[in-house]
Amino acid sequence: MPILSLQDVSKDYLTDGQPVHALKGLSLNVERGEFVALVGRSGCGKSTLLNLAGAMDFPTSGKVLLDGVSTSSLEDNGLTRLRRERVGFIFQSFQLLHTLTVFENVELPLLLAGKRNPREAARERLAWVELEGLGDRHPHQLSGGQMQRVAVARALIHSPSLLLADEPTGNLDTMTGNVILELLKRLAREQNTATIVATHSLEAASLANTLVRLRDGKIEELTRR
Amino acid sequence: MPRFLLFYRLMVRPLLREPLRTLLTILAIALGVAVVLAIALAGDAATGSFRSSMETLAGENELEVLTSGGVPEYVVGTLATLAYSIRVSPRIEDYAVITDTKKSLPLIGLDLVAEGSAYAQSAFQKTAESQTQSAQVFNQVGDADDIWVGSSVGYRTSDRVELLINDRVRKYTVRGVYPDSNGNESAIVMDLAAAQHALGRYGRVDRILLKVPETPSLGDWQLRLRTVLPAGVEVRLRGTATNENRRMLAAFRWNLRLLSYISLIVGAFLIYNTISVSVVRRRPEIGIVRSLGASRGVILSAFLGEAACLGLAGALIGLPLGRLMATGAVRLMAATVESLYVSSRPGAIELNGACVLLALAIGVGVAVASSYSPAREASRVSPVEAMARGRREYDARVHKARDLWLALVLGLAAAAASRAPAVAGKPLLGYLAAILLVAASALAMPAFVDALTSVASNLLDKVFGVEAMLASRTLRASLRRTSVLVGALSTAIAMMTAVGIMVGSFRQTVVLWMSDQLPADLYLRPAGFAAADRHPTISSGVAEEVAKLPGVAAVERLRAYEISYEDMPATLASADLNVRRSHGNSDFFSGRPREQVFAELRDSNAVIVSEPFTYKHHLKAGDSLTLSLGATQASFRIADVYYDYSSERGSILMDRQTMLRFLPDPAPSNVAIYVSPDSQLEIVRAEIEKATAGHRVLLFSNRDLRAEAMRIFDRTFAITYALEAVAIIVAVMGIAGALLALVIDRRRELGLLRFFGAATWQVRKLILIEASLLGLLANLAGLALGFVLSLILIYVVNKQSFGWTIRFHWPVEILFGALTVVYGVTVLAGLYPAQVAVRLNPIEVIHEE
């Protein structure tokens, strides 16, 4: 069973009273451990797809099945639980909380899920992203690349089945960006985590097992390698 | 014009985008302005425009002749027969209660035969019609049961009216109605002889008004007339009593006015916070505008202008609100003035041009002054840095250690100021000490908040979970904003605590004092109108009849007179000290046994005086004072000073026999009755009621009297509590507004939490814990500051304003209740911001940046 299944999904928004069709009848299956690159121009629907995949939003029509569970069948609490247990997010601008230390940032999803003593898990995830010894620092004491590694560690803290990354290298220089992409690819393989990366980066596209090219809310090209 | 357009676009429009938060800020200012205005308006109406009720129908007389206990009637003849062209108007002055309506009105006895038409001509010069009416009204002198009333009282000629005067009720016939300027001159007028009869004041009048020729000067007339008057009788400018009363009320008004500024101080904190938030949010914009050519001055005036707009809007709302609040305040103030100071008639509440200017000046002035610091900071922003670094510098600019040292210096200055004496009779340095302490507390706040949130963070995490940890971290991270909010709320709480402790201590002191001063079982007093300066009497003989009743062990007759001592009103009283000696339990400054002190008073010119009296006149035990009593003057030695909390006027107490030597009227003002230990109180009470059936008297048990005293006490401080409540409301509104701002500023972070699996209830919990932490910090800081302020209020401000010794007492239950309510309300203030946080769309806010 695919970890993520989008079945004939459409998503419409109203912007200034005008309907915008962000996704139009899109279908896609993502398996565990698969590394998917989502490419396309700005506004083609990449972020919308990630939001639907991450149970942050509902489709206007069609079905989104996350680990076999239809997101449309769940209330807010059920969606929250689904996110907590199955999904990890990574953002372009890192989105670390500056009031918390690196350890505390990484631990946050577990603490929100009511888990006690998450320090060991945080230490382990920081080791995965090669940031051992920096746990007590605050985000402003880190470089951009280090901050994004912290974000990756945070996204993986609860061992999600699905990792969603929205332009994870957009705020980084090419070399650092490539390192982060390599890291994501490696972790997807090692942890058997399905990873979807929305990106403009050709490097990301070349690393992916699956390349999904979106255009005007539809899949223009789907390449599995 | 382009500048106004820019100001609108860059400063006003952002305010309109957050209407609720802007409204909360404006309302906070409006409430502050309204309270100050209400107290000023009510003060003017209840005391400021104070005019003794006894000046009713006083006409254009320039001088008055009077003495304690009444002027002997022969003095009228002496003055009337002088070889000068002087108009002599003897008056009897007291109060009567219309039994139907329970309305009390001045009762004026005039020599209508002698001055009917003359009086009418001089007293009512307003219109030709009223002049004619008045002349007709007072030219009809009739019987002893005839009265004339002001038109506003609502009676017509020939109506029968039942009046309660002292302890007697009698029916009178309205013989005429005079125009009384919308109630300002309303009174019950009767002929002098009839009034003397009704009040039992035979052979004396209360006051003689004189109209003297224009030359020589009034001062010369006073000197000239003094030579023909008996030693104890004084001649002075008419209206002197009004001025004396105004002086006496000055401290009351002054303290109330200062209390009304608390809300404004709290409001100032909140304006400071609003403009600070505004500066932080717009740092990048400031950078851009600066880089496009705006000068520092433009930035400074833009932010000051923003504050001025808020202040102006607040003042405009505060004006009608203040007028509305004044209506309630004047009732409370008038009741306090009457029970503690003097019988008076509140004037009309007048919202004039000066009031409008005051409101605008307060609203705009406080807003601009409190916003100056953040506005100046905005003007100093480096354009490049502002565009690059945004908000972080704001939080970095808190100098905890430096501010803590400054707080220490201010605290020491406050300690020094609190030990200084009064300035011109006012506790100015006491107030300065309080202001310095509030400032010191504000400066120490960042260190306090930082230390406490730091300590609490881990503990909260363990007890309340990750939301609590996030809340405490957020508050600590926005240290300056948090400190200002905690400072605002803690100032309001501190003032509430300080006033609560002061009033609680005062209350407890009065309760203990009453247990000493009210040892009798029953108390009898006339049903007629009584006030701090009005002492109706019980017909002579009643007390003696009661004393003979079975079961009555003893009666103690107390007589009180309203006097003027060294240009200040005071109460002169006498009591059967032989009775009190055997039953009482008085408390003196010297600590001597009461028997010893009272023994000194028997058959000698010795008196004891109350603590406020010694404070007002700078006297002490062993000093002498000279009193005008009837036609004579006599010197008295102060044997001791006693604690007295019944009135702020100041009292002199002598033995009844001593007083009767000078003022022979035996009628007591009230009677304390001691029941034999072997008799049943209720049986004796019934016997007394039967014996006094022909008189309108009120019989109180000891418990009833104490309860009545405490009711008056609580009513006196009701306005104080109301002022405190408004300050708290202002602060809580500020907290709600600030939390809203905090939610809006942190929407990205809150959205992010949703991405990481936070449920909506967790976001709500986070905001409520923040509100709760703010409330907790403010309660702790407010309680500590309030305790210190209460010491200043009790031992400096109260002592220097009123001269009372108050024993410190923790009103634990009241404080606990009040702080719990404030805490609860603060948490509730977080509900709406929490709801806003929950409603945020995480996808939108994440992609905003």
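Quick notes
- Within the stretch B:608-622, the set of residues being without any contact (Cβ under 8 Å) to a residue 40 or more places away in the chain, within 11 Å of B:VAL641 (Cβ to Cβ) and open to solvent by 40 Å² or more (accessible area, probe 1.4 Å) comprises B:LYS620, B:ALA621, B:GLY622.
- Inside the stretch B:287-326, residues that are open to solvent by 60 Å² or more (accessible area, probe 1.4 Å), among the hydrophobic types (A, V, I, L, M, F, W, C) and not in a helix (DSSP H, G or I) make up a count of 1.
- In this structure, B:SER790 does not qualify as under 20 Å from B:ALA477 (Cα atoms), more than 14 Å from chain A (Cβ to nearest Cβ) and among the hydroxyl-bearing types (Ser, Thr, Tyr).
- Residue tally, condition open to solvent by 70 Å² or more (accessible area, probe 1.4 Å) and either at pLDDT 90 or above or within 14 Å of chain A (Cβ to nearest Cβ) (or both), over the stretch B:794-819: 4
- B:LEU699 vs. criteria at pLDDT 90 or above and more than 26 Å from B:THR820 (Cβ to Cβ): yes
- Residues in the stretch B:143-175 that are touching a Pro at 6+ places or on another chain (Cβ under 6 Å) and either among the β-branched types (Val, Ile, Thr) or open to solvent by 40 Å² or more (accessible area, probe 1.4 Å) (or both): B:SER151 alone.
- Test: B:VAL579 is within 20 Å of B:LEU705 (Cα to Cα), of a type in the set (A, V, I, L, M, F, W, C), open to solvent by 10 Å² or more (accessible area, probe 1.4 Å) and outside any helix (DSSP H, G or I): no
- Subset of the stretch B:746-768 (residues that are of a type in the set (A, V, I, L, M) and within 14 Å of another protein chain (Cβ to nearest Cβ)): B:LEU750, B:LEU752, B:LEU753, B:ALA758, B:ALA759, B:VAL763, B:LEU766
- Number of residues in the stretch A:5-18 that are open to solvent by 70 Å² or more (accessible area, probe 1.4 Å) and either farther than 15 Å from A:CYS44 by Cα or not in a strand (DSSP E or B) (or both): the value is 6.
- Search result, residues across the stretch B:443-481 that are over 20 Å from B:VAL743 (Cβ atoms) and either open to solvent by less than 40 Å² (accessible area, probe 1.4 Å) or β-branched (Val, Ile, Thr) (or both): B:ALA444, B:MET445, B:PRO446, B:ALA447, B:ASP450, B:VAL455, B:ALA456, B:SER457, B:ASP461, B:VAL463
- Index of the failed condition, B:SER441 passing every other in (1) within 12 Å of another protein chain (Cβ to nearest Cβ); (2) in contact (Cβ under 8 Å) with a residue 24 or more places away in the chain: (1)
- A:THR176 being open to solvent by 10 Å² or more (accessible area, probe 1.4 Å), within 13 Å of chain B (Cβ to nearest Cβ) and hydroxyl-bearing (Ser, Thr, Tyr): no
- Any hit, the stretch A:141-162, residues being over 18 Å from the mean Cα position of the chain (by Cα), under 22 Å from A:LEU97 (Cα atoms) and open to solvent by 40 Å² or more (accessible area, probe 1.4 Å): yes
Condition check ((1) part of a helix (DSSP H, G or I); (2) farther than 23 Å from B:VAL36 by Cβ; (3) at pLDDT below 90; (4) of a type in the set (Phe, Trp, Tyr)) across all residues:
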position: B:ARG715; (1), (2), (3), (4): yes, no, yes, no
position: B:GLU749; (1), (2), (3), (4): yes, yes, yes, no
position: B:LEU766; (1), (2), (3), (4): yes, yes, no, no
position: B:SER772; (1), (2), (3), (4): yes, yes, no, no
position: B:PHE787; (1), (2), (3), (4): yes, yes, no, yes
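- Flag if B:LEU681 is in contact with an Asp or Glu (Cβ under 8 Å, 6 or more places away or on another chain) and not hydroxyl-bearing (Ser, Thr, Tyr): yes
- In the condition set (1) at pLDDT 85 or above; (2) more than 14 Å from chain A (Cβ to nearest Cβ); (3) open to solvent by 40 Å² or more (accessible area, probe 1.4 Å), B:TYR721 is compliant with all but (1).
Every residue, every condition in (1) part of a loop (DSSP other than H, G, I, E, B); (2) open to solvent by 30 Å² or more (accessible area, probe 1.4 Å); (3) under 22 Å from B:PRO664 (Cα atoms), yes or no:
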| site | (1), (2), (3) |
| --- | --- |
| B:MET495 | no, yes, no |
| B:VAL503 | no, no, no |
| B:THR509 | no, no, no |
| B:ASP516 | no, yes, no |
| B:ARG525 | no, yes, yes |
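- Which numbered condition B:ALA738 misses (of (1) crowded, with 24+ Cβ neighbours inside 10 Å; (2) free of Cβ contacts under 8 Å to residues at least 60 places away in the same chain; (3) among the aliphatic types (A, V, I, L, M)): (2)
- Among all residues of the stretch B:301-312, there is at least one that is among the aromatic types (Phe, Trp, Tyr) and within 18 Å of B:ILE26 (Cβ to Cβ).
- Single residue of A:GLY88, A:GLY135 found to be open to solvent by less than 50 Å² (accessible area, probe 1.4 Å) and more than 21 Å from B:ARG754 (Cα to Cα): A:GLY135
- The listed residue being loosely packed, with under 14 Cβ neighbours inside 10 Å and at pLDDT 90 or above, out of B:VAL212, B:VAL228: B:VAL228
- Across the stretch B:628-667, the qualifying residues are those that are in a helix (DSSP H, G or I) and either of a type outside the set (A, V, I, L, M) or over 26 Å from B:VAL205 (Cβ atoms) (or both), and the one among them that is most open to solvent (accessible area, probe 1.4 Å) is B:ARG661.
- Complete set of residues in the stretch A:180-194 that are more than 15 Å from the chain's Cα centre (by Cα) and surrounded by 16 or more Cβ atoms within 10 Å (Cβ to Cβ): none
- Filtered residues of the stretch A:12-26 (kept if closer than 27 Å to A:LEU202 by Cβ and without any contact (Cβ under 8 Å) to a residue 60 or more places away in the chain): none
- Considering residues of the stretch B:820-849 that are free of Cβ contacts under 8 Å to residues at least 40 places away in the same chain and within 14 Å of chain A (Cβ to nearest Cβ) only, the residue most open to solvent (accessible area, probe 1.4 Å): B:ARG839
- If you go through the stretch B:226-244 and keep only what is in contact with a helix residue (DSSP H, G or I) (Cβ under 9 Å, 6 or more places away or on another chain) and either more than 25 Å from B:ASP94 (Cβ to Cβ) or part of a strand (DSSP E or B) (or both), you end up with B:VAL228, B:GLU234, B:VAL235, B:ARG236, B:LEU237.
The values are calculated or read from the model by the stated rules, or taken from the named source; none is laboratory data. Worth saying up front: this structure is predicted, and the values here are computed from it rather than measured. Don't worry about glycine lacking a Cβ; one is built from the backbone with ideal geometry, like all the others, and counts go over all protein chains shown. Accessible surface is based on the protein model in full, side chains and every heavy atom, while ligands, DNA and RNA are left aside. Shrake-Rupley method; radii C 1.70, N 1.55, O 1.52, S 1.80 Å.
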